[in-house]
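Engineer: Please see the structure below; I have some questions.
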Amino acid sequence: MQTPIYMDNHATTPVDPRVLEAMLPYFTKVFGNAASRNHSFGWEAEKAVDNARKQIADLIGATPKEIIFTSGATESNNLAIKGVAEMYAERGNHIITSATEHKAVLDTCKRLEKQGCRVTYLPVQRDGRIDLEMLEEAITDKTILISIMYANNEIGVIQPIAEIGKLAHARKILFHTDAVQATGKVPVNVQTDNIDLLSLSGHKIYGPKGVGALYVRRKNPRVQIAAQMDGGGHERGMRSGTLNVTGIVGLGKACELCNQEMPAESKRLAYLRDKLKEGILSQLDECYINGSMEHRLPHNINISFAYVEGESLLMGINDVAVSSGSACTSATLEPSYVLKALGVGEDLAHTSIRFGIGRFNTEEEVDYVIKRVVETVMRLRELSPLYDMAKEGIDLSKVSWAAD
Amino acid sequence: MAYSEKVLDHYNKPRNVGTLDKNDPNVGTGMVGAPECGDVMRLQLKVNEETQIIEDAKFKTFGCGSAIASSSLATEWIKGKTVDEALEIKNTDIVSELSLPPVKIHCSVLAEDAIHAAITDYKAKRAAREGSPQPANA
Ligand SMILES: Cc1ncc(COP(=O)(O)O)c(C=O)c1O
């Protein structure tokens, strides 16, 4: 076993060697522009792109023509939401999303609000899922789009996607989902789930960074989006720019591998995740799991270690790469807005750690991480005045703190 | 963010971790910060009544590595100083000793506040002891 151990697979993943191998010829040998129609260099590149389109479509139950290549999920989310808002402006200006979305969705919606759209940010319940009744109540005759993420990047909680899709279609509202964390990890099907637009990204599924895709439904209904970049009219006019052929080949291969290996892989990851969770919880008291365990990605666990500040914990387990919802680790100096939306108190948000187990983590690594986390939390609790007070039976919520 | 050598050293080997008897008349206790803000420091000092020298100091801190290091350093510095000398320690001294980056300056401020709070507590105890039987300026 080698350290440091990478267990932050929601942030990004390493490229699978089989993906890299598939990509390599397209840097130097098959380097043509996929839009070049008059020579074999172009045809070869186009063939590779078409193959990738099929690999991606197969993973999510779509058809190849419904796949639009982008630079990643940030762009896919922007294109989907802004593209729909602009294209369907005559029909309405209301968008429904949720409080725990990725910033690529939230900040896109905020910009649209400045431009005259109305946006409803649905709260989530204690388990991290939206309330379907609240969603239904939020719908107005001006609602054109519902954008709810498939699975959350911090807590791994999976939303009731099929129910949302059913509701959206019954009300003739388009449904977009940011499925970055879910595609390739759990079965995703745009047909059975009534999804109209879906964002995915290469680097979260053992593919390269800087490439992603947007699924845009072509039938029942035929979805149209206004392009957000002007240029050569690639991707059926929806996204201009010379295609990133190597990246696209990598994304396609990554999807193919996920598709083939998902049944076995998700079982293995769930086993490792459960082992990690049990290993930690059986040795430490006052640990709290954030988000639903029932509706959750198999490789995610997010735990608050009461009385131990997250950044100090990360510092203690410095040969293990994970991330924290503590303010000290964020650029904004605010604790995680996702945990806040779940109703997790700021005191506990500061103590949260996200573990994202990946394809290349081993059981030995999981055992090591358990040991490091347990010993570090114990050491830091010895240092924590809050742990002392709690052990004395003092109710910390009743203390009047001399904060500045 | 990379941590300075000194922050790492205090984090890995914190000095003077522990608790003094808060009911001891010569012990002052200062607790500053709040769990919602992500930092709470408890700093305690024990004063020799005759010499006014701080003979012992202990801390416990909930907070990031820099907060732990700042309070650890504070206990190290106040030990052996008189109460008045300890009051002269400035947060900026802690910043430069630990090479704290700007986002961590609040940790040093909290450590300075903790020293002041502990001394205020000690002085209040002493005043209560000496002052209460007699009128203040008799
Ligand atoms: C849920 C979610 N949406 C969107 C993104 C952005 O994806 P990309 O890095 O491909 O732009 C991420 C990754 O950070 C994510 O986790």
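The values are calculated or read from the model by the stated rules, or taken from the named source; none is laboratory data. No experiment lies behind these values; they were computed from the predicted model shown. Note: ideal-geometry Cβ built from the backbone for every residue, glycine included; neighbour counts use all protein chains shown. Quick note on the areas: whole protein, heavy atoms, side chains included, nothing else; ligands and nucleic acids left out. Shrake-Rupley method; radii C 1.70, N 1.55, O 1.52, S 1.80 Å.
Engineer: Between the alpha-carbon centers of region A:120-196 and region A:61-118, tell me the distance in whole angstrom.
Structural biologist: Here the two parts' Cα centres lie 13 Å apart.
Engineer: Still on this structure: Spin-label point model (7 Å from Cα, Cβ direction): what's the A:Lys142 to A:Arg91 distance in nm?
Structural biologist: Label at A:Lys142, label at A:Arg91, 1.7 nm between them.
Engineer: Rank A:Phe41, A:Val186, A:Phe27 by how far each Cα sits towards the positive end of the charge dipole of chain A (+1 on Lys, Arg Cβ; -1 on Asp, Glu Cβ) and give me just the farthest.
Structural biologist: Positive-end residue among those listed: A:Phe41.
Engineer: With a 1.4 Å probe, what is the total accessible area buried between chains B and A, in Å² rounded to the nearest 100?
Structural biologist: 2400
Engineer: Find the accessible area per residue for the protein assembly as shown; the probe is 1.4 Å, ligands and nucleic acids are left out, and the unit is Å². Please report the intermediate quantities before stating the final value.
Structural biologist: Values: 22840 Å² over 542 residues.
That works out to 42 Å² for each residue.
Engineer: Given a cut-off of under 8 Å on Cα pairs at least six residues apart, what relative contact order in percent is computed for region B:5-126?
Structural biologist: Result for region B:5-126 is 32 percent.
Engineer: Only residues of region A:367-383 count here: report those whose backbone N is under 18 Å from the spot 7 Å along Cα→Cβ of A:Asp285, or say none.
Structural biologist: A:374-383
Engineer: With the dipole of the protein assembly as shown worked out from charges on the C-beta (+1 for Lys and Arg, -1 for Asp and Glu) around the Cα centre, which of A:Leu59, A:His169, A:His234 lies farthest toward the positive end?
Structural biologist: A:His234
Engineer: Another question, then. Quick check: with the 1.4 Å probe, what order do A:Tyr271, A:Tyr88, A:Tyr26 take by accessible area, largest first?
Structural biologist: The residues order as A:Tyr271, A:Tyr26, A:Tyr88, largest area first.
Engineer: If you place +1 on the Cβ of every Lys and Arg and -1 on the Cβ of every Asp and Glu, how big does the dipole about the Cα centre of region B:4-94 come out, in debye to the nearest 20?
Structural biologist: The dipole magnitude comes to about 320 debye.
Engineer: Please report, as a whole percent, how much of the solvent-accessible surface of region B:5-126 comes from carbon and sulfur atoms (probe radius 1.4 Å).
Structural biologist: Roughly 51 percent of what the probe reaches on region B:5-126 is carbon or sulfur.
Engineer: Starting from the Cα gyration tensor of region B:1-81, take the square roots of the eigenvalues, sort them a ≥ b ≥ c, and report rounded, prolate or oblate (rounded when a/c is under 1.5, otherwise prolate if a/b is larger than b/c, else oblate). Before the final figure, lay out each step's value.
Structural biologist: Numbers: a/c = 2.96, a/b = 1.60, b/c = 1.85.
Oblate shape, in that a/c is at least 1.5 and b/c is the bigger or equal ratio.
Engineer: So what is the 222 nm mean residue ellipticity for chain B from helices alone, if each DSSP H run of at least 4 adds -39500 (n - 2.57) and you divide by all residues, rounding to the nearest 500 deg cm²/dmol?
Structural biologist: That comes out to -14000 deg cm²/dmol.
Engineer: Another question about this same structure. Grab the Cα-Cα distance for A:Asp58 and A:Thr192, subtract it from 0.36 nm times how many residues apart they are, and report the gain in nm with one decimal. Don't jump to the answer; show the numbers that get you there.
Structural biologist: Numbers: separation 134, 0.36 × 134 = 48.24 nm, distance 1.37 nm.
Difference between extended and current length: 46.9 nm.
Engineer: Students sometimes get this wrong: rank A:Phe305, A:Phe360 by accessible area, probe 1.4 Å, all chains present, largest first.
Structural biologist: My answer, sorted largest first, is A:Phe360, A:Phe305.
Engineer: Between A:Glu66, A:Glu86, A:Glu137, find the one with the highest GNM mean-square fluctuation for chain A; connect C-alpha pairs within less than 10 Å.
Structural biologist: Evaluated over chain A, the most mobile residue of the options is A:Glu137.
Engineer: Hey, can you list the DSSP H helices of chain A whose Cα span along the axis is 18 Å or longer and whose average Kyte-Doolittle score is at least -1.0? Display every interim value, and only then the final one.
Structural biologist: Working: long enough: A:40-60 (30 Å, -0.40); A:73-87 (20 Å, 0.00); A:245-281 (46 Å, -0.07); A:363-382 (29 Å, -0.46).
Answer set is A:40-60, A:73-87, A:245-281, A:363-382.
Engineer: Considering only C-alpha atoms, what is the centroid distance from region A:215-260 to region A:1-57, in Å?
Structural biologist: If you average the Cα positions of each part, the centres end up 14 Å apart.
Engineer: May I ask you to list the aspartates and glutamates whose Cα is less than 19 Å away from that of A:Lys209, ignoring any residue fewer than eight positions away on the same chain?
Structural biologist: Of all the aspartates and glutamates, those that pass the test against A:Lys209 - Cα under 19 Å, at least 8 places apart if same chain - are A:Asp8, A:Asp16, A:Glu21, A:Glu75, A:Asp178, A:Glu256.
Engineer: Quick one: Cα centre-to-centre distance for region B:26-55 and region B:82-105, in angstrom?
Structural biologist: 15
Engineer: Another question, if that's okay. Taking 22 Å as the cut-off for C-alpha to C-alpha distance, list the pairs among B:Lys22/B:Lys125; A:Lys172/A:Lys340; B:Lys79/B:Lys123; A:Lys166/A:Lys267; A:Lys54/A:Lys103 that go past it. Numbers along the way, then the final one.
Structural biologist: Working: B:Lys22/B:Lys125 11 Å; A:Lys172/A:Lys340 32 Å; B:Lys79/B:Lys123 17 Å; A:Lys166/A:Lys267 28 Å; A:Lys54/A:Lys103 29 Å.
Too far apart for the 22 Å limit: A:Lys172/A:Lys340; A:Lys166/A:Lys267; A:Lys54/A:Lys103.
Engineer: Leaving ligands, DNA and RNA out of it, work out the accessible area of A:Leu348 with a 1.4 Å probe and give it in Å² to the nearest 10.
Structural biologist: About 40 Å², ignoring ligands and nucleic acids.
Engineer: Farthest toward the dipole's positive end in the protein assembly as shown, which of A:Pro14, B:Met31, A:Ile81, given Cβ charges of +1 (Lys, Arg) and -1 (Asp, Glu) about the Cα centre?
Structural biologist: Sorting the options by dipole projection puts first A:Ile81.
Engineer: Averaged over its residues, how many other protein chain Cβ atoms are within 10 Å of peptide A:393-402's Cβ atoms?
Structural biologist: Mean shielding count: 3.
Engineer: 5 Å is the cut-off here: which amide hydrogens, built 1.01 Å from N in the peptide plane, fall below it relative to A:Ile96, excluding neighbours closer than 5 in sequence?
Structural biologist: Counting only residues 5 or more places away or on other chains, the set is A:Thr120, A:Leu145, A:Ile146, A:Ser147.
Engineer: So, one more: Where both residues lie in chain A, what percent of DSSP beta bridges are antiparallel, nearest 5?
Structural biologist: On the way: 21 of 38 bridges.
Of the beta bridges lying entirely in chain A, close to 55 percent run antiparallel.
Engineer: What is the distance, in nm, between label points placed 7 Å from the Cα along the Cα-to-Cβ direction at A:Glu294 and at A:Ile394?
Structural biologist: 3.9
Engineer: For a quick check: with amide H placed at 1.01 Å from N, whose amide H comes under 5 Å from A:Leu342's, ignoring anything fewer than 5 positions away on the same chain?
Structural biologist: none
Engineer: Here's a follow-up. Which of the DSSP-defined H helices in chain B satisfy a minimum axial length of 15 Å, computed from C-alpha atoms, and a minimum mean Kyte-Doolittle hydropathy of -0.5?
Structural biologist: B:65-78, B:105-131
Engineer: Going by accessible area, probe 1.4 Å, with all protein chains left in place, what is the ranking of B:Met31, A:Met378, largest first?
Structural biologist: Result, largest first: A:Met378, B:Met31.
Engineer: What's the magnitude of the charge dipole for the protein assembly as shown around its Cα centre, counting Lys and Arg as +1 and Asp and Glu as -1 at the beta-carbon? Answer in Debye, nearest 20.
Structural biologist: On the way: 61 positive and 71 negative charges, 421 e Å.
My answer is approximately 2020 debye.
Engineer: Below 8 Å between Cα atoms, with a sequence gap of 6+, how large is the relative contact order for chain A in percent?
Structural biologist: This gives 21 percent for chain A.
Engineer: Once you sort the root eigenvalues of the Cα gyration tensor of chain A as a ≥ b ≥ c, which label holds: rounded (a/c under 1.5), prolate (a/b larger than b/c) or oblate (the other case)?
Structural biologist: oblate
Engineer: In debye, nearest 20: dipole of region B:87-135 around its Cα centre with unit charges on the Cβ of K, R (+) and D, E (-)?
Structural biologist: Dipole about the Cα centre, nearest 20: 220 debye.
Engineer: Turning to a different aspect of this structure: How big is the antiparallel share of DSSP beta bridges in region B:5-126, given as a percent to the nearest 5?
Structural biologist: Roughly 95 percent of the DSSP beta bridges within region B:5-126 come out antiparallel.
Engineer: Can you give the calculated 222 nm mean residue ellipticity of chain A, where each DSSP H run of n ≥ 4 adds -39,500 (n - 2.57) and the sum is split over every residue, rounded to the nearest 500 deg cm²/dmol?
Structural biologist: -12000 deg cm²/dmol
Engineer: Could you check the spin-label model distance between A:Thr12 and B:Val103? Points 7 Å from the Cα along Cα→Cβ, value in nm.
Structural biologist: 1.8
Engineer: Quick one: of the DSSP bridges fully inside region A:154-291, what percent are antiparallel, nearest 5? Please report the intermediate quantities before stating the final value.
Structural biologist: Details: 5 of 8 bridges.
So the antiparallel bridges in region A:154-291 amount to around 60 percent.
Engineer: Tell me, what is the percent relative contact order of region A:17-257, built from C-alpha pairs under 8 Å that lie six or more residues apart?
Structural biologist: Value for region A:17-257: 28 percent.
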